[in-house]
Amino acid sequence: MHIAVLNGPNLNLLGEREPEVYGRTTLAEIEARTRERARTLGVDMSWTQTNHEGDLVDAIQRLKGKADGLVINAAAFTHTSLAVRDALLAVRVPFVEVHLSNIFGREPERHRSVLADAAVGLVTGFGAESYRLGLEGLVGHLQARHGA
Ligand code: DQA
């Protein structure tokens, strides 16, 4: 099983960016932890971060036929990007939306996700652990679907 993880804008700054909201764990540390969990689950994992909407759309389009599932933190594009939504609908790769912060406990503009209704599920508010929880939920979902 191959799981892709895609990260949107400003997540490269985790660790130093608004630590009171996002914690002090860097994206590299989150990647290492998530890879370790993927290894114990017996799944392959790829990891990408981009600050650019078009690059995120390209990365989603490239998943077709390659990834069994996707964990995505689209960051601010979560709230705005119909292009990211359309790409997800086009490739039809089952995905889990993750956020470090609880987007529903923040400013009203962040309460809306243009991706969420198309997701298998959401994990929001568990800090760096949201990625691990998202991965576990997604793999469980895919295994149940494939009768594993
Ligand atoms: C975020 C929440 C978004 O509202 C924000 O724009 C981010 C990070 C999170 O992981 O909590 O950049 O996706």
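The values are calculated or read from the model by the stated rules, or taken from the named source; none is laboratory data. This is a predicted model, so every value here is computed, not measured. Please note: Cβ atoms are built from the backbone with ideal geometry, for glycine as well, and neighbour counts cover all protein chains shown. Note: areas computed on protein heavy atoms with side chains; ligands, DNA, RNA excluded. Shrake-Rupley method; radii C 1.70, N 1.55, O 1.52, S 1.80 Å.
Only residues that are of a type in the set (S, T, N, Q) and open to solvent by 40 Å² or more (accessible area, probe 1.4 Å) were counted across region 47-90, and they come to 5.
Before we move on, is G121 more than 11 Å from the ligand (Cβ to nearest atom), modelled with pLDDT of 95 or more and surrounded by 15 or more Cβ atoms within 10 Å (Cβ to Cβ)?
Details: more than 11 Å from the ligand (Cβ to nearest atom): yes; modelled with pLDDT of 95 or more: yes; surrounded by 15 or more Cβ atoms within 10 Å (Cβ to Cβ): yes.
Answer is yes for this residue.
Just one of the listed residues (R132, R112) is part of a loop (DSSP other than H, G, I, E, B) and at pLDDT 95 or above, namely R112.
Checked against (1) open to solvent by less than 30 Å² (accessible area, probe 1.4 Å); (2) over 20 Å from L11 (Cα atoms), V114 passes all but condition (2).
Condition check ((1) out of contact with any Leu (no Cβ under 8 Å at 6 or more places or on another chain); (2) in contact (Cβ under 8 Å) with a residue 12 or more places away in the chain; (3) farther than 24 Å from R85 by Cα) across all residues:
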| site | (1), (2), (3) |
| --- | --- |
| P9 | yes, yes, no |
| N12 | no, yes, no |
| E18 | yes, no, yes |
| A32 | yes, no, yes |
| A38 | no, yes, yes |
| T48 | no, yes, no |
| E53 | yes, yes, no |
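None of I72, I103 is at pLDDT 95 or above and near the ligand (Cβ under 7 Å from one of its atoms) except I103. Picking from residues in region 1-19 that are open to solvent by 30 Å² or more (accessible area, probe 1.4 Å) and among the hydrophobic types (A, V, I, L, M, F, W, C), the one that is nearest to the ligand (Cβ to nearest atom) is L13. Every listed requirement among (1) in contact (Cβ under 8 Å) with a residue 60 or more places away in the chain; (2) of a type in the set (F, W, Y); (3) crowded, with 21+ Cβ neighbours inside 10 Å is met by Y22 save one, (3).
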